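Take a look at the structure set out below.
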Amino acid sequence: MAASSEFSVRSSTGSYDVRIGAGQFHEAVASAALVVVDEALLDRVPATSVPVLAVPAGEETKTLAGCESLILRMREAGVRRGDHVVAVGGGVIQDLATFVTDVYMRGLPWSYVPTTLMAMADSCIGGKSSINVGDVKNLVGGIYPPSAVVVDPDFLASLSATARAAGFSEAAKIAFCRGPETFDGYLAAYDGFEGDPDALIDLVLRAKRWFVEIDEHDRKERRLLNFGHTFGHALEVAVDHRISHGLAVAFGVLCATRHPLAASGPQVDRLAAHCRDLIGSAEGVHEALSRFDGGRYERAFRADKKHGADAFHLILPAEGGGVAEVSTPSTPEDWDLILTVTQQTIASLEGPTA
């Protein structure tokens, strides 16, 4: 079945195609020697003669122990060098499959079928793996691009309002980082999403492609896509992962817009209002925030891999649009400022709509 949109992403290992359109999923599975799938989606995998390995899509899965478990299952299934793996699921499955295919027999070809809006509109391109170690989120990983990415919007129908809000949060972040024109285009595509989801996904992925192609290994421009993540990752730990990654990013964006060094203006206000609306449309946020543990938050924030030994590295809204990386000291006074901004953001979300 022809895709409604198709483009290529350049990477250090060669270009790979991104195909967006309903009905693409079955074609992707037909090319597999092995399918790794979120166990909740096992019944969506079409009949196939190749092994299908179902795994739970929780944070406890994307750990070194979880990777080892999958590697041993692949070995038992007879997977050999050169076998093509198709991964089907959201971000956890993507992280797991990216890491495992990178290291299994020194590298297997793989393709990815994202099934959440967050994965469709963000993480499916770029080739990053992020694995949790202990209480530190995404401490270990690498970059191992897929052979192809197949985005099938048919999966969107099964997503909850909360899952959609998480996906829109990441999409809005990417569009804002790319610049004012892209963010305006995103807001228009968001308004028309129900009638044409492909348009928003295509716009955001093409925006992310710019960052991936210009800085694949995350040394300069691509680091800007960490907008909202330093605050957001720490929040996830501080509430015992009772809030999804995408919504935590929306929270982190709100924190970043409150920082005294962040630029202000109408577009920043529109971004903040949009993030508030997305958080307000999700379930369980207020209860999750009530679990906030300041000690765990500080430890997780300070452990963020983007920081230096004596400085915080924050991505904040910049003058003229987009974002910029800002370095600040990490003294007790600077930490008090970070905590105040975070607590103010939590307080601003309290109420019946949070």
* To do: Considering each of 200, 224, 235 in turn, give the residue that is among the hydrophobic types (A, V, I, L, M, F, W, C), outside the structural domain of residue 322 (by TED's automatic domain parsing), touching a residue at least 40 places away in the same chain (Cβ under 8 Å) and in contact with a helix residue (DSSP H, G or I) (Cβ under 7 Å, 6 or more places away or on another chain).
  => 200
* To do: Mind listing just one residue for me: the one in segment 203-221 that is out of contact with any Asp or Glu (no Cβ under 6 Å at 6 or more places or on another chain), assigned to a helix (DSSP H, G or I) and without any contact (Cβ under 8 Å) to a residue 40 or more places away in the chain and, of those, farthest from residue 296 (Cα to Cα)?
  => 203
* To do: Restricting attention to segment 1-24, report how many residues are surrounded by 17 or more Cβ atoms within 10 Å (Cβ to Cβ) and touching a helix residue (DSSP H, G or I) at 6+ places or on another chain (Cβ under 7 Å).
  => 5
* Asked: Would you call residue 240 more than 22 Å from residue 143 (Cα to Cα), of a type in the set (Asp, Glu) and either surrounded by fewer than 22 Cβ atoms within 10 Å (Cβ to Cβ) or more than 14 Å from the chain's Cα centre (by Cα) (or both)?
  -> yes
* **Residue list for segment 176-195, restricted to those being within 17 Å of residue 277 (Cα to Cα), of a type in the set (Gly, Ala, Ser) and either part of a helix (DSSP H, G or I) or in contact with a Lys or Arg (Cβ under 9 Å, 6 or more places away or on another chain) (or both)** => 188, 189
* Do the conditions hold for residue 139, that is, is it in a strand (DSSP E or B) and in contact (Cβ under 8 Å) with a residue 40 or more places away in the chain? -> yes
* When only residues in segment 74-125 that are assigned to a helix (DSSP H, G or I), at pLDDT 95 or above and among the polar types (S, T, N, Q) count, which is surrounded by the fewest Cβ atoms within 10 Å (Cβ to Cβ)? -> 98
* Take the residues in segment 178-205 that are aliphatic (A, V, I, L, M) and in contact with a strand residue (DSSP E or B) (Cβ under 7 Å, 6 or more places away or on another chain), then tell me which one is surrounded by the fewest Cβ atoms within 10 Å (Cβ to Cβ). => 205
* To do: Please list, ordered by first then second residue, the pairs with beta carbon atoms under 9 Å, 6 or more apart or interchain, first in segment 287-299 and touching a residue at least 12 places away in the same chain (Cβ under 8 Å), second basic (Lys, Arg).
  => 287/242; 288/242; 289/242; 291/242
* To do: Taking residue 140 as the residue in question, decide whether it is assigned by TED's automatic domain parsing to the domain that holds residue 107, β-branched (Val, Ile, Thr) and over 25 Å from residue 236 (Cβ atoms).
  => no
* **Filtered residue count, segment 279-304, keeping only those that are assigned to a loop (DSSP other than H, G, I, E, B) and surrounded by 15 or more Cβ atoms within 10 Å (Cβ to Cβ)** => 5
* Qualifying positions in segment 321-350 - part of a loop (DSSP other than H, G, I, E, B) and in contact (Cβ under 8 Å) with a residue 60 or more places away in the chain -> 321, 322, 350
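The values are calculated or read from the model by the stated rules, or taken from the named source; none is laboratory data. What you are looking at is a predicted structure, and each value in this text was computed from that prediction instead of being measured. Cβ sites come from the backbone with ideal geometry, for glycine too, and all protein chains shown count toward neighbours.
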